[in-house]
Amino acid sequence: MKTGFLNRTLRSLCREEYRKFVGCHDIKRVQTEYLTNILRKNSNTEYGKKYGFSEIKNYNEFAEKVPLSSYEDYEPFIQKIADGEKRILTCEDVILFEPTSGSSGGRKLIPYTKTLQAEFQRGIRPWLCDIYTNVKGACDGKSYWSITPVTDGKSFTKAGIPIGFEEDSAYFGKLEQAVMERLFAVDGSVKFSGSMREFYFNTAVGLLSCGALSLISVWNPTFLTILCGFISENREELSKKIPENKRKNFLNYAKEKRFEKIFPDLKIISCWADGSAADDVKEIQRLFSGVYIQPKGLLATECFTSFPLVGEDGSRLSVRSHFFEFRRLSDGKIFTADELSTEEYELIVTTGGGFYRYCTGDIIKVLEACPDAPPRIRFMRRSGICSDLCGEKLTEEFVRNVCAELGITDKFCLLAPEGKRYILYTNAESISDEALDSALRENYHYNYCRELGQLQQAGVCRVFNDPERVYLERLSSEGMRLGDIKPAYLSLKSGWTDIFDTERKK
């Protein structure tokens, strides 16, 4: 079956959701209907009974009765679900848990229901339909969607609930998946590669052997730059594995890193481009000169917040996916999606996965707001201190717990990025690089970045001669008042090796 026909079939499957989205002119009504349905549906759950869902008649009562929440508030409920109890957060069974990184611990498990999966699809389908409609040539080739290598095998909870999706296509419905499997440039079996090198090699062979590649969807742009570097460095070996008609000029193009020549049919690359990923996108633009780079919208493991439309700056709030609230940074006042103005807010969501008034920690800026169209927003940063070079999401509280695990919280400790690795500056003795890296790898996303080679092994740097003073003096010299400088376990700044008195001069 021809690729163009399959892509147009996929577009047709997504078109109805696209029409509903672009025809959404009463944001308040759409959001109110969602909230009413989700509360009624889950009123007979443990969480619903606790907060009186059945008695809530409108948004004001919802905001009054149901408190703002964080992941820690759900941990005892999630443990019950993992052990096999029913009707805890939702009336539906949990079909799987998706792991992600927590602020205070190494991992948190996000419950996925069929309703939550459908809510993700209400954002994914219009986004994909828009691409296949408005990016010329996107329908003409195959696609590469990021695949997670299986490094630890499939795991399950005590009650047998699976933990983790294995590839991005799992967010789609079964019919879309059946079509997409014929459109993938890289077979899903690469996730079972025996090593990370083998994973990159098999992925590269799949991409290079593809008849025509028109779309690439990855998350962090550094994954794609690493893959391109692998292709360039292993071009001689790879050239022996690709079809003969693909070998012409491949060695020269790979050596020169001219990937727009290696993949001449590529029309669009979808990846993170906001926040800390903005600088990394510049390298993608250099490697794929002339290819349209579309920044992804705001997606988290817990929710699907927004998606981009071709030709627009920022991304549109996926108003049909969840119920959204926004806490204005300037004064802490909370607004609904139809009440926004062009300011910065923290995102709060209620989803079909069982999270209610959940504070995501994502800070967004509203670029355009009106009551008769989905707001246009941009992700700015995570709230609080969070280091995120490649998607690892290291937080202050997590790093402090790592230092506690290593038994050095009574010493000076400061973790900071340096290139593509983290250095722990400390006056503690006998902490090895391996011990530090192992503790950091309790963070799910940090471990994933390490497995992919996006981050190098963390290192320990011994510091001497009053490092606390050096720390204060540096921040003071940058304009901070001494009274405003708080003790920290995590710094977003690099270059500390040249400032501290250290054994590890480079």
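The values are calculated or read from the model by the stated rules, or taken from the named source; none is laboratory data. Bear in mind the structure is a predicted one, so any value in this text is a computation, not a measurement. Virtual Cβ from ideal backbone geometry, glycine too; neighbours counted across all protein chains shown.
For the reader, a short list of remarks on this structure follows.
- So Glu429, is it out of contact with any strand residue (DSSP E or B) (no Cβ under 9 Å at 6 or more places or on another chain) and at pLDDT below 95: no
- Checked against (1) part of a helix (DSSP H, G or I); (2) at pLDDT below 95, Ala273 passes all but a single condition, namely (1).
- Any pair with Cβ under 6 angstrom, 6 or more apart, that starts in segment 175-188 at a residue that is touching a residue at least 12 places away in the same chain (Cβ under 8 Å) and within 15 Å of Cys139 (Cβ to Cβ) and ends at one that is part of a helix (DSSP H, G or I) and small (Gly, Ala, Ser): Met180/Ser169; Ala185/Gly206
- Hey, Thr225 at pLDDT below 95 and not hydrophobic (A, V, I, L, M, F, W, C) or not: yes
- Segment 485-506, subset among the β-branched types (Val, Ile, Thr) and modelled with pLDDT of 85 or more, residue surrounded by the fewest Cβ atoms within 10 Å (Cβ to Cβ): Ile499
Quick grid of which residues meet (1) crowded, with 20+ Cβ neighbours inside 10 Å; (2) of a type outside the set (Phe, Trp, Tyr); (3) in contact with a helix residue (DSSP H, G or I) (Cβ under 8 Å, 6 or more places away or on another chain):
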residue: Asn42; (1), (2), (3): yes, yes, yes
residue: Lys86; (1), (2), (3): no, yes, no
residue: Tyr112; (1), (2), (3): yes, no, no
residue: Trp127; (1), (2), (3): yes, no, no
residue: Ile131; (1), (2), (3): yes, yes, yes
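- Sole exception among (1) in contact with a Leu (Cβ under 7 Å, 6 or more places away or on another chain); (2) not in a loop (DSSP other than H, G, I, E, B) for Asn401, by number: (1)
- Number of residues in segment 428-455 that are among the polar types (S, T, N, Q) and not in a loop (DSSP other than H, G, I, E, B) equals 2.
- Summed over segment 1-45, the residues that are of a type in the set (S, T, N, Q), within 21 Å of Ala212 (Cβ to Cβ) and free of Cβ contacts under 8 Å to residues at least 24 places away in the same chain give a count of 1.
Listed here are the residues, each with its yes/no results for (1) at pLDDT 90 or above; (2) surrounded by fewer than 20 Cβ atoms within 10 Å (Cβ to Cβ); (3) in a loop (DSSP other than H, G, I, E, B); (4) in contact with a helix residue (DSSP H, G or I) (Cβ under 6 Å, 6 or more places away or on another chain).
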| site | (1), (2), (3), (4) |
| --- | --- |
| Pro374 | yes, no, no, no |
| Gly384 | no, yes, yes, no |
| Glu397 | no, yes, no, no |
| Gln457 | yes, yes, yes, yes |
| Val460 | yes, no, no, yes |
| Gly483 | no, yes, no, no |
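- Of all residues in segment 241-281, those being without any contact (Cβ under 8 Å) to a residue 12 or more places away in the chain, touching a helix residue (DSSP H, G or I) at 6+ places or on another chain (Cβ under 7 Å) and surrounded by fewer than 15 Cβ atoms within 10 Å (Cβ to Cβ) number 1.
- Subset of segment 339-377 [in contact (Cβ under 8 Å) with a residue 60 or more places away in the chain and among the β-branched types (Val, Ile, Thr)]: Ile348, Thr350, Thr351, Thr360, Ile364, Ile377
- Phe165, sole failed condition from (1) modelled with pLDDT under 90; (2) farther than 30 Å from Ile81 by Cβ; (3) in a loop (DSSP other than H, G, I, E, B); (4) not polar (S, T, N, Q): (2)
- Qualifying residue in segment 283-299 (condition: in a helix (DSSP H, G or I), touching a helix residue (DSSP H, G or I) at 6+ places or on another chain (Cβ under 7 Å) and not acidic (Asp, Glu)): yes
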